[in-house]
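So the structure is just underneath, and the comments pick up after that.
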Amino acid sequence: MSRMYLFLKYSAIALWSIFVVTPFLWALTTSFKTANGVTGGPTYLPWLQYEPSLTGWKSLFGGGGGIDIVKPYIDSLIVTGSASLISIVLGSLAAYGLSRFTYKAGFVKNPDLIFFFISQRIMPPIVLAIPFFLMLKWLDLLDSRIGLILVYVALLLPIAVWIMVDFFNNIPRQIDEMAMLDGCTPFQAFVRVILPNSLPGIIVAGMFCLIFGWNDFFFAFTLTFTDTQLLPVAVVALNSSVTPWWSLSASALISIAPLLLVAFVVERFLSHGTLAGAIR
Amino acid sequence: MGETGLRRYKLAFLLPGLLTLLAIILFPLLFTIRVSASGWDAITPELNWVGGKNYAALWADVRFWQSLARLGGMAVGTVLIQYVLGFALALLVWHDVKARRFFRLLFLIPMMTTPVIMSVIWRTILHESLGPANDLLYLVGLGPYPWLTSGGWAVVSVMIVEIWQWTPFMFLLLLAGLISLPREPFLAAAIDGAGPIRTFLNVTFPLMATVSIGAIMIRLIEASKLMETVYVLTSGGPGTASETSGYYIYIKGLRDFDIGYAASLSITYLVIMIVLLTIIGKVLHRALVGGRS
């Protein structure tokens, strides 16, 4: 490798890295500012350019000017966690069935069923928003965590099926056949033999469910108001012309923090080649 | 085990998921189709029958067709840029790089963060006088640019944020593909004395064709729903300069409560997206994989 080539390579990596971290660094420095540090034009360095303060971070717990972040945090955890769990359970079952058995109902066969599951991702949220609103209102589930969990299952189930079908396809059929020869029912074979062997797939699918559930804004925004409020909605509510940028930045940083753990897990699976089987 | 016993198990695996999805999706979809033939609005909130009136009206709705064309341009534009950047980044940290695990992790992070929350941060970054974007560009003698206050720039800003957010997803899919490639073709190319560029054109790129199509299609599908970034960053403005179809339907339906009309817009939007995405998928497949497979 020539020096020139290496120089270009690492410059490109450095440039993109800077682009990636800039918003985070900006949010971090802004979160320690007060009005003086914001309205005088952009400042970057604490102590040198502005006097750092904890106002923004304190406002997360009910201090003036911000939002109380604790309740939305708990709501977000419950809704995203439950919806992901339900999607993984229902999704693995359906994916295993689609991977091992042949279904036929009229002209509908396995590939059509798989396509039906995955194709739900095409649906623009706005198409579903109005009927979801009316449906939840009719079920008296508007502004509730259960209502949102139902909606999120519809969003996440396709992801779980999509990833898990390919995973199960990569597990040799002989394994379940052996288990069934030993006297297991198909269901026992699935739980005792297949599931332990597909743990990486389940984790990858779970991570993607968490990402897309935690990051949804639109449904939380249109289907909940006061009793239930998820993090993205709570943070965006601060986004007005008189926004205290320091509270905004602090709440943004604390909202995205849990997903950084997910990034660690996804990178592990990516580098060990586990993802390759899951996403094609 | 008898045939009927197996049949029971077959259905027990598939049905819980299938029925749940059908119950949650099918009712809303059918209901939307029905509502689209009604005059439901804020004054008469009822499911009456107006036939194809809404569809006739949307035919002449310039604002809708403009938003659709704008969405198409933005989606195709950002996804192409994401593909080129994502592929380049995946190649950069594929092998022969120091601290590659660290850079892989770093490059993945934006897709893990909540789009609307990051858009709120981007809004402060792109603020004309108080944000760092213009301040830093001034240091290298550029700007100031009206990021969010001029029509063309508002579209560019939305695209920058989308590229920041979703290039990592493209990167993830393509790197996973690269990691799973067989080694033999590369050894053969090395024995033939092929340089990096020739290896890429003759070996890597063709081997990555299927993965590329998959990644592009997944991103196009997600990009065709673009509206949250627009909502937070520009609210479709200035005027309607950065309005996408989803956002316009949102305004019509959930802000003006012109629900019948919004339903007809969303059905039209959905049908057009399905048709376009199917055509693009077929064309891409033919172009990259050719007659094979």
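None of the figures in this text is laboratory data; all of them are computed from the coordinates on show. In this text the structure is predicted, and so the values were computed from the model without any measurement. Cβ placement follows ideal geometry from the backbone for every residue including glycine, while neighbour counts extend to all protein chains displayed.
Taking only Cα atoms and a 10 Å spring cutoff, compute GNM fluctuations for chain B and point out the largest among B:E184, B:E46, B:E128.
B:E184
Among B:F87, B:I43, B:Y9, which residue has its Cα furthest toward the positive end of the charge dipole of segment B:9-126, with +1 on Lys/Arg Cβ and -1 on Asp/Glu Cβ?
Sorting the options by dipole projection puts first B:F87.
In peptide B:26-32, what is the residue-averaged number of other protein chain Cβ atoms found within 10 Å of each Cβ?
Shielding by partners across B:26-32 averages 5.
Hey, what's the Cα Rg ratio for segment B:102-158 versus the globular rule of thumb, 2.2 N^0.38 Å?
With N residues counted in segment B:102-158, Rg over 2.2 N^0.38 Å equals 1.31.
Do me a favour and compute the ellipsoid semi-axes for chain A from its Cα gyration tensor, root of five times each eigenvalue, largest one first, whole Å.
That gives 42, 27, 16 Å for the three semi-axes.
Pick from A:I254, A:I122, A:I146: which is most flexible by mean-square fluctuation in a GNM of chain A where alpha carbon atoms under 10 Å apart are linked?
Answer for the Gaussian network model of chain A: A:I122.
Can you give the percent of C-alpha pairs in segment B:172-219 whose distance is more than 17 Å?
It works out to 36 percent of all Cα pairs.
Each residue of segment B:103-120 in order: what ³J(HN,Hα) in whole Hz does its phi give by Karplus 6.51 cos²θ - 1.76 cosθ + 1.60, θ = phi - 60°, with x for Gly and Pro?
Result, ordered by residue: 5, 4, 4, 4, 5, 7, 4, x, 6, 7, 8, 5, x, 5, 5, 5, 5, 4 Hz.
Quick one: dipole size for segment B:61-289, taken about the Cα centre, charges +1 on Lys/Arg Cβ and -1 on Asp/Glu Cβ, in debye to the nearest 20.
460 debye
Compute the normalised compactness of segment A:143-215: alpha-carbon radius of gyration over 2.2 N^0.38 Å, N being the residue count.
Rounded to two decimals, the normalised Rg is 1.37.
Would you work out which of A:T274, A:L77, A:A237 lies farthest towards the positive end of the dipole of segment A:70-278? Charges go on Cβ: Lys and Arg +1, Asp and Glu -1.
A:T274
Per the Kirkwood formula on distinct C-alpha pairs, the Rh of segment B:124-220 is how many angstrom?
Over segment B:124-220, the inverse of the mean reciprocal pair distance is 16.7 Å.
Could you tell me how many degrees, from 0 to 90 and to the nearest 10, lie between the Cα long axis of helix A:199-214 and the main elongation axis, the longest principal axis, of the Cα atoms of chain A?
Taking Cα atoms only, the helix is inclined about 40 degrees.
Assuming 0.36 nm per residue, please report the length gained on full extension of the stretch A:S119 to A:V70 beyond their Cα-Cα distance.
Gain on extension, A:S119 to A:V70, equals 14.1 nm.
Among A:V262, A:I146, A:I67, whose Cα lies farthest out toward the positive end of the dipole of chain A, if unit charges sit on the beta carbon of Lys, Arg (+1) and Asp, Glu (-1)?
Of the listed residues, the answer is A:V262.
Quick one: among A:S99, A:S11, A:S251, which has the greatest mean-square fluctuation in a GNM of chain A with alpha-carbon springs under 10 angstrom?
Answer for the Gaussian network model of chain A: A:S11.
Partner chain Cβ atoms within 10 Å, averaged over the residues of A:92-104 - can you pull that number for me?
Whole-number average of other-chain Cβ neighbours for A:92-104 is 4.
About the Cα centre, and with charges only on the beta carbon of Lys, Arg (+1) and Asp, Glu (-1), how big is the dipole of the protein assembly as shown? Nearest 20 debye, please.
For this selection, approximately 1220 debye.
Hey, fewest Cβ within 10 Å first, where do A:L128, B:L220 land in order?
B:L220, A:L128
Grab the beta carbon distance between B:L187 and B:R101, set R0 = 30 Å, and tell me the FRET efficiency rounded to 0.05.
0.75
Bin width 5 Å, origin at 0, all Cα-Cα pairs of segment A:3-58: what percent of pairs per bin?
4, 17, 21, 16, 11, 10, 8, 7, 4, 2
Looking only at other chains, what is the average number of their beta-carbon atoms within 10 angstrom of each beta-carbon in A:138-147?
0
For the pair A:L54/A:L261, report the inter-label distance in nm, with labels modelled 7 Å from Cα in the Cβ direction.
About 2.4 nm, to one decimal.
So, how do all the Cα-to-Cα distances of segment A:1-111 break down into 10 Å bins, in percent, from 0 on up?
11, 18, 18, 18, 18, 12, 4, 0
Which residues make up the longest stretch of chain A clear of chymotrypsin sites (Phe, Trp or Tyr not before Pro) that lie in a DSSP loop with no more than 14 other Cβ atoms within 10 Å, not counting the sites?
Answer from the scan: A:108-224.
Does segment B:61-289 classify as rounded, prolate or oblate by the C-alpha gyration tensor (a ≥ b ≥ c root eigenvalues; a/c under 1.5 gives rounded; else a/b over b/c gives prolate, otherwise oblate)?
Verdict is oblate for segment B:61-289.
Can you give me the three principal axis dimensions of the protein assembly as shown from its C-alpha atoms, in Å, biggest first?
Computed over the Cα atoms, the extents are 78, 73, 47 Å.
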